[in-house]
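The values are calculated or read from the model by the stated rules, or taken from the named source; none is laboratory data. Remember, predicted model here, so these are calculated numbers, not experimental data. Cβ: placed from backbone, ideal geometry, glycine included. Neighbour counts: every protein chain shown. What goes into the accessible areas is simple: the full protein's heavy atoms, side chains included, and nothing from ligands, DNA or RNA. Shrake-Rupley method; radii C 1.70, N 1.55, O 1.52, S 1.80 Å.
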Amino acid sequence: MISERSSRIPPFHVMEILEKAHELEAKGRSIIHLEIGEPDFETPEPVMAAAQDALRHGMTQYTHSMGLPALREAIAGHYFTRYGVNVSPENIIVTSGTSPAMVLIFSALMDPGDELILSDPCYACYPNILEFVGGVPKYIKVHEKYGFKYEPGKLGESIGSGVKGVLINSPSNPTGIVLDTDDMQKLVEVVGERAYIISDEIYHGLVYEGSENSILEFTDKCFVLNGFSKLYAMTGWRLGYLICPPDFVRPIQKIQQNLFICANSFVQQAGIAALKETGDYTDAMVKTYNERRKYLIAELRNLGFGIEVEPTGAFYIFANAGEFTEDVYSFCFEVLENAGVAITPGIDFGEGGKDFVRFSYANSINNIKEGMKRLGEYLSK
Ligand SMILES: Cc1ncc(COP(=O)(O)O)c(C=O)c1O
């Protein structure tokens, strides 16, 4: 018999759009992919070179369960340079991506029945991983007119005795919204000592106006999740890390030893190069993403999609499709079949996303232009 736990975990719905898109492509249809949350750039050359070098030098064995000391120092250095915060490498644990880091933090923090505050909408895997380890999501609906941010009053009222943590994700998937200093300060004040803040910083560096803040600038009662997939275009390398309070290091290390042992050794070596040698590459990618972002925002508004607060981070636009449909799930499949454009229904990210569609601009400007042309023609019918 298949376990109840594995029967309960939902699939990642965006994959269903992707699979349908592939099915159409196999039949010879041309599909513009605006559904995927994956950089269309190649991993920067210095990272490739470092991995090749590491392999050539026989770096194929287990590392320390917490990760290579040199990588943990480079991560601490990165947080100091970028945010001015002092993080001890002792509090950093390197993982095979941000997703395993999430499993480790949720496992170490949440007892069965403990609650974690999540925004609705939010990244679809948060509640799935949380429930898998026995935690309970406590959703706070966030609204487009407030840029899909937690409203401090509502957040304060929601932190009851069962709440162990509050999850934030800035820049956000699916909304592309970035929390500013004031937002972060208010959030930390409201949460106070009552709960831990878990900050998913995986889209850090992909910010097009102003700059992002790390939660570590505001409080120590927090966990940071981060990884190399997005900024360094390293999704398939599987490399991430977490930063945790000192008393959580040993428990998390033990879970890591049992579940994952360690992250890939030569990939960790390549991670050092990503942090230290790719500034020119990431600057160029950020510039390109920003050009696409501006184009897509203007074009979507022209077509009649609603964008109340302009997204300034990650590579997503969460656009209100209320003008066109009451059922965004069917709408996305119709657009895919009839216009050959793949987009993600907002309902994938929670009830709060039911009027929205997520557009990813991790695709070339020419493809984005073609996608908008096709979408425009389809909607005008
Ligand atoms: C908000 C968010 N967190 C975490 C992840 C997982 O990233 P990783 O590739 O590091 O596991 C993603 C991937 O799409 C994401 O969007």
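Is it the case, given these coordinates, that A342 is within 25 Å of F12 (Cα to Cα), modelled with pLDDT of 95 or more, touching a Cys at 6+ places or on another chain (Cβ under 9 Å) and not β-branched (V, I, T)?
yes
When you go through (1) under 26 Å from G353 (Cα atoms); (2) open to solvent by less than 60 Å² (accessible area, probe 1.4 Å); (3) more than 16 Å from the ligand (Cβ to nearest atom) one by one for A54, which number turns out not to apply?
It fails just one condition, (1).
So, in the range 20-36, of the ones that are out of contact with any Lys or Arg (no Cβ under 8 Å at 6 or more places or on another chain) and under 25 Å from F228 (Cα atoms), which residue ends up least open to solvent (accessible area, probe 1.4 Å)? Steps first, answer last, please.
So the first thing to find is which residues in the range 20-36 are out of contact with any Lys or Arg (no Cβ under 8 Å at 6 or more places or on another chain), and the list is 20-31, 33-34, 36.
Going one step further and asking which of them are under 25 Å from F228 (Cα atoms), we end up with 33-34, 36.
On the way: H33: 36, L34: 0, I36: 54 Å².
Out of the qualifying residues, it is L34.
Search the range 1-24 for residues being part of a helix (DSSP H, G or I) and of a type in the set (A, V, I, L, M), and hand back the single one that is nearest to Y203 (Cα to Cα).
Filtering first and then ranking leaves V14.
Among the residues of the range 51-85, how many are under 30 Å from R292 (Cα atoms) and touching a residue at least 40 places away in the same chain (Cβ under 8 Å)?
So the first thing to find is which residues in the range 51-85 are under 30 Å from R292 (Cα atoms), and the list is 75, 78-79, 81-83.
Next, only the ones that are touching a residue at least 40 places away in the same chain (Cβ under 8 Å) stay: 75, 78-79, 82-83.
Qualifying residue count for the region: 5.
Just one of K221, K186, K164 is away from the ligand (no atom under 16 Å from the Cβ), over 24 Å from E310 (Cβ atoms) and in contact with a helix residue (DSSP H, G or I) (Cβ under 6 Å, 6 or more places away or on another chain); which is it?
Checking each option against the conditions leaves just K164.
Let's see how each residue does on (1) within 30 Å of S380 (Cβ to Cβ); (2) under 21 Å from the mean Cα position of the chain (by Cα):
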position	(1), (2)
I261	no, no
Q268	no, yes
G271	no, yes
L275	no, yes
T278	no, yes
D283	no, yes
N290	yes, yes
L296	yes, yes
E299	yes, no
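Quick one: is V207 in contact with a Leu (Cβ under 7 Å, 6 or more places away or on another chain) and of a type in the set (V, I, T)? Let's see the steps before the verdict.
Working: in contact with a Leu (Cβ under 7 Å, 6 or more places away or on another chain): no; of a type in the set (V, I, T): yes.
Against the criterion (in contact with a Leu (Cβ under 7 Å, 6 or more places away or on another chain) and of a type in the set (V, I, T)), V207 does not qualify.
Quick one: which of G135, G153 is more than 30 Å from E277 (Cα to Cα), outside the structural domain of G352 (by TED's automatic domain parsing), away from the ligand (no atom under 16 Å from the Cβ) and open to solvent by less than 30 Å² (accessible area, probe 1.4 Å)?
Numbers: G153 fails: open to solvent by less than 30 Å² (accessible area, probe 1.4 Å).
Exactly one of G135, G153 is more than 30 Å from E277 (Cα to Cα), outside the structural domain of G352 (by TED's automatic domain parsing), away from the ligand (no atom under 16 Å from the Cβ) and open to solvent by less than 30 Å² (accessible area, probe 1.4 Å), namely G135.
Going by the conditions given, is Q268 in contact with a Pro (Cβ under 9 Å, 6 or more places away or on another chain), of a type in the set (S, T, N, Q), farther than 24 Å from N367 by Cβ and within 16 Å of the ligand (Cβ to nearest atom)?
no
Find the strands (runs of 3 or more DSSP E) located wholly in the range 160-266 whose residues include 1 or more that are in contact with a strand residue (DSSP E or B) (Cβ under 7 Å, 6 or more places away or on another chain) and surrounded by fewer than 20 Cβ atoms within 10 Å (Cβ to Cβ), and list them.
Fully inside the range 160-266 and qualifying: 163-169.
Name the residues in the range 304-318 that are more than 19 Å from D40 (Cβ to Cβ), in contact with a helix residue (DSSP H, G or I) (Cβ under 7 Å, 6 or more places away or on another chain) and buried (at least 17 other Cβ atoms within 10 Å of the Cβ), would you?
Passing the criteria: I307, F318.
Among the residues of the range 300-321, which ones are hydrophobic (A, V, I, L, M, F, W, C) and outside any helix (DSSP H, G or I)?
Step one: filter the range 300-321 for residues hydrophobic (A, V, I, L, M, F, W, C), giving 300, 303, 305, 307, 309, 314-315, 317-319, 321.
Result: F305, I307, V309, A314, F315, I317, F318, A319, A321.
Only one of (1) within 13 Å of the ligand (Cβ to nearest atom); (2) surrounded by fewer than 20 Cβ atoms within 10 Å (Cβ to Cβ); (3) not polar (S, T, N, Q) is not met by F106, so which one is it?
Here F106 clears every test but (2).
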